[in-house]
Amino acid sequence: MNKSNDLLVNQHVEQPSPELIREALSRIVSSDGFQASPRLTQFLTYIVEESLSGRSTQIRGKAIAVEVYGRRIDGTGGQNLVRVEARRLRRLLHQFYEDHWDGNGVRIFVDPGGYKPRFSFEPTIEDRTSSELKSDNPVGRWRSRQLLHAGLGVLALVAVLGIWMSQDNREVVPTTRSIEQAERVALGEQSLTRLQAVNLADQARGMFFPVFDVKRQQIALGMFQHARELDPALSDGYAGSAQVLAILAVLSPDEAQRDDLFNQASEMSGKALELSPSDAWANGANGWVLAVKNQPNEALKYARMSVELAPKDGHILDVAGMTAILANAPELAAEVSNPERPKSGSGRFGARNIWGVSQLMLGNYESVVEAFQGAPAAGAPVSAPSLLFQAVAYDQLGNSEEARRLVAEMRRTWPEFPSEFLAGRIFHNDVNTRNLILETLSRY
């Protein structure tokens, strides 16, 4: 029998980081079994994200019945349904690990008798090697962490593209969290359906990073669509849908498909603004859509407006930073992603890598190296773009040996990574940065 199913409920295991847990979740829900069971996918995503967001005490049968299955909060029918579905979820998880588990990495448990997930972490050979190398050599320590996270992060080519914008997890400060909880209680008194839609959109919002992980974005898009169905008057479902559709448009190599995604994204962002013209998310999503459509001036207007409306919201700041990069406004990208800037919110933020890219665009190459070298220590996966951006910075600093090593490592680890695609799409309006990337690739 696969040893993954032998771990005792009370057995002590090393706890993985939120980042590794989300990567494990992404692999699970992308499997054939879960793709064929969208409700169980939503069930598992809901309880994992609630736990990672510090709301594990709220993971109860009634909450799941309302949030995932759209049942009324009163009565026992919903809770009975959740118990049945939880048994199905445990069986499906068991089957997934029987088929795919090699005994290493993160495993997610949903133990009988409750719904709160439990996580185990069995270090891989690379993990153990990395641990042994924590010594006097900072470069060796950084490189070993790179190899560890690279091994964990190679899920798909497009997923790799987006990892450079993903990290800097931060928790909501207690005051903010208590305010959010109070708002939800008040909302629940007025409309349980709207409360369910708000919570669903908030969960999907936390799945934006890695930005260009297509399967993850498709799951989020389905959750936003469900939020819109639950409450067509709630702007969050439209703002989230607009943001995801624009991301998918960036990735599409087919011009006709790209235009269709653009049109859908524009329709959704327009609806979000119509419903809530002063909402930060609605304005930020509209700015991102305009940036993807290569309308930089209009995009920056909405990005700045969103930051004024929510100056500490980590997700709003990330969207504004992404918009600024595409619109060739590195000063704004640096402003919203500055490591010293206070941020609130839960989930995965992209501030560190947005900061690194902004410094590359501004020509502050030592800051680029510092930003991306610090990512592994902070628990962020190493990706092809992070290696590429560091290589460009080292090349400009005159360290051709390190630049050559990084380019070689990128090509060895991600041989099909579309570097030219990245340079053309992300730096469409920044000719200088695009040329630096292309010259570095050509030179090494």
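The values are calculated or read from the model by the stated rules, or taken from the named source; none is laboratory data. From a predicted model like this one, the values you see are computed outputs, not experimental measurements. Every residue, glycine among them, receives a Cβ derived from its backbone with ideal geometry; neighbour counts consider all protein chains shown. Please note that ligands, DNA and RNA were not included when accessible areas were found on the heavy atoms of the full protein model with its side chains. Shrake-Rupley method; radii C 1.70, N 1.55, O 1.52, S 1.80 Å.
How much space per residue, in cubic angstrom, does the convex hull of the C-alpha atoms of region 205-245 take up?
Values: hull volume 2.1 nm³, N = 41.
Dividing the Cα hull volume of region 205-245 by its residue count gives 51 Å³.
Using Stokes-Einstein with the Kirkwood hydrodynamic radius over Cα pairs, what translational diffusion coefficient do you get for region 279-323 at 4 °C and a viscosity of 1.567 mPa s, in µm²/s rounded to a whole number?
On the way: Rh = 9.6 Å.
Rounded, D is 136 µm²/s.
Per residue, what accessible area does region 300-365 have, given a 1.4 Å probe and all protein chains present, in Å²? Intermediate values should be presented prior to the final figure.
Values: 2090 Å² over 66 residues.
Per residue, region 300-365 has 32 Å² of solvent-accessible surface.
Based on Cα positions only, what radius of gyration and what Dmax would you give for region 245-285, in angstroms?
Rg and Dmax of region 245-285, Cα atoms, are 11.4, 35 Å.
Just to confirm a number: summing +1 for Lys and Arg and -1 for Asp and Glu over residues other than GLN396 whose beta-carbon lies under 11 angstrom from that of GLN396, what do you get? Please list the in-between numbers first.
On the way: positive: none; negative: GLU366, ASP395, GLU439.
That works out to -3.
On average over all directions, what projected area in square nanometres does region 306-353 have, based on the convex hull of its Cα atoms? Mind showing how you got there, number by number?
Details: hull surface 12.1 nm².
If you wrap the Cα atoms of region 306-353 in a convex hull and average its projections, you get 3.0 nm².
Counting Lys +1, Arg +1, Asp -1, Glu -1, what net charge surrounds VAL250 among other residues with beta carbon under 14 Å of its beta carbon? Mind dumping the intermediate values first?
Working: positive: ARG258, LYS293, ARG425; negative: ASP213, ASP254, GLU255, ASP259, ASP260.
Residues near VAL250 contribute -2 overall.
Could you rank the peptides 390-402, 283-295, 196-208, 228-240 by their average count of other C-beta atoms within 10 Å per residue, with the highest value first? It would help to have the intermediate numbers written out before the result.
Numbers: 390-402: 18.9, 283-295: 26.1, 196-208: 24.2, 228-240: 21.6.
By packing density, highest mean first, the sequence is 283-295, 196-208, 228-240, 390-402.
Give the relative contact order (percent, whole number) for region 268-339; include only Cα pairs under 8 Å separated by 6+ residues.
The normalised contact order for region 268-339 reaches 28 percent.
How high is the FRET efficiency from ARG60 to ASP32, r the C-beta distance, R0 25 Å, rounded to 0.05? Intermediate results must be reported in sequence, preceding the final value.
On the way: r = 30 Å, r/R0 = 1.20.
It comes out at approximately 0.25.
Rank by packing, highest mean first: peptides 40-51, 349-360, 408-419, with packing defined as the count of other Cβ atoms within 10 Å averaged across residues. Don't jump to the answer; show the numbers that get you there.
Values: 40-51: 22.9, 349-360: 26.2, 408-419: 15.9.
Most protected by this proxy first, the peptides run 349-360, 40-51, 408-419.
Rounded, prolate or oblate: which fits region 225-326 when a ≥ b ≥ c are the square roots of the eigenvalues of the alpha-carbon gyration tensor, with rounded for a/c under 1.5 and prolate only if a/b beats b/c?
It is oblate, given that a/c is not under 1.5 and a/b is not larger than b/c.
Per 0.36 nm of contour for each residue apart, how much would the distance between HIS100 and GLN79 grow if the chain were fully extended, relative to their Cα-Cα spacing? Walk me through the intermediate numbers first.
Values: separation 21, 0.36 × 21 = 7.56 nm, distance 3.08 nm.
4.5 nm is the gain from fully extending HIS100 to GLN79.
Semi-axes, largest first, in whole Å: what does sqrt of 5 times each Cα gyration tensor eigenvalue give for region 28-106?
Details: eigenvalues 116, 43, 20 Å².
Its equivalent ellipsoid spans semi-axes of 24, 15, 10 Å.
Each residue of region 192-207 in turn: what ³J(HN,Hα) in whole Hz from Karplus with 6.51, -1.76, 1.60 and θ = phi - 60°, glycine and Pro shown as x?
So the Karplus estimates, Gly and Pro as x, are 5, 5, 5, 4, 4, 5, 4, 5, 5, 5, 5, 5, 5, 4, x, 9 Hz.
Could I have the simple spin-label model distance between GLU267 and ALA408, label points 7 Å from Cα toward Cβ, reported in nm to one decimal?
According to this spin-label approximation, the distance is 5.2 nm.
Between GLN225 and GLU401, take the C-beta separation as r, use R0 = 45 Å, and let me know the FRET efficiency to the nearest 0.05. Please list the in-between numbers first.
Working: r = 50 Å, r/R0 = 1.11.
Here the calculated transfer efficiency is 0.35.
Quick one: in region 271-347, what % of C-alpha pairs are over 16 Å apart? If you can, show how the numbers build up before the last one.
Working: 1216 of 2926 pairs.
Every Cα pair in region 271-347 considered, those over 16 Å come to 42 percent.
Enumerate the amide H contacts of SER344 below 5 Å, restricted to partners 5 or more residues apart or on another chain; note that Pro and chain-start residues carry no placed amide H.
Answer set, sorted by chain and number: ASP313, GLY314.
Per-residue HN-Hα couplings for region 103-111, Karplus 6.51 cos²θ - 1.76 cosθ + 1.60 at θ = phi - 60°, whole Hz, x for Gly and Pro?
Karplus values, whole Hz, x for Gly and Pro: x, 10, x, 8, 10, 9, 10, 10, 6.
From largest accessible area down, sort GLU274, GLU439; use a 1.4 Å probe on the protein chains. Intermediate results must be reported in sequence, preceding the final value.
On the way: GLU274 130, GLU439 90 Å².
Result, largest first: GLU274, GLU439.
For a quick check of understanding: with a 1.4 angstrom probe and all protein chains in place, what accessible area in square angstrom does MET361 have, to the nearest ten?
Solvent-accessible area, nearest 10 Å²: 20 Å².
List the pairs from LYS62/LYS116; LYS62/LYS343; LYS301/LYS343 whose alpha-carbon separation is above 25 Å, in the order I gave them. Don't skip to the end; give the middle numbers.
Details: LYS62/LYS116 13 Å; LYS62/LYS343 32 Å; LYS301/LYS343 21 Å.
The answer is LYS62/LYS343.
Grab the Cα-Cα distance for GLU366 and SER278, subtract it from 0.36 nm times how many residues apart they are, and report the gain in nm with one decimal. The partial results should precede the final answer.
Numbers: separation 88, 0.36 × 88 = 31.68 nm, distance 3.88 nm.
Contour length minus the Cα-Cα distance gives 27.8 nm.
Any chance you could tell me what percent of the C-alpha pair distances in region 354-444 go past 22 Å?
Working: 703 of 4095 pairs.
Across region 354-444, Cα pairs with separations above 22 Å total 17 percent.
At ALA233 and ASP111, where each label point lies 7 Å from the Cα along Cα→Cβ, what is the point-to-point distance in nanometres?
4.4
Per residue of region 247-261, in order, report the coupling 6.51 cos²θ - 1.76 cosθ + 1.60 (Karplus, θ = phi - 60°) as ³J(HN,Hα) in whole Hz, putting x for Gly and Pro.
Per-residue couplings from phi come out as 4, 5, 5, 4, 7, 6, x, 8, 5, 5, 5, 4, 4, 5, 5 Hz.
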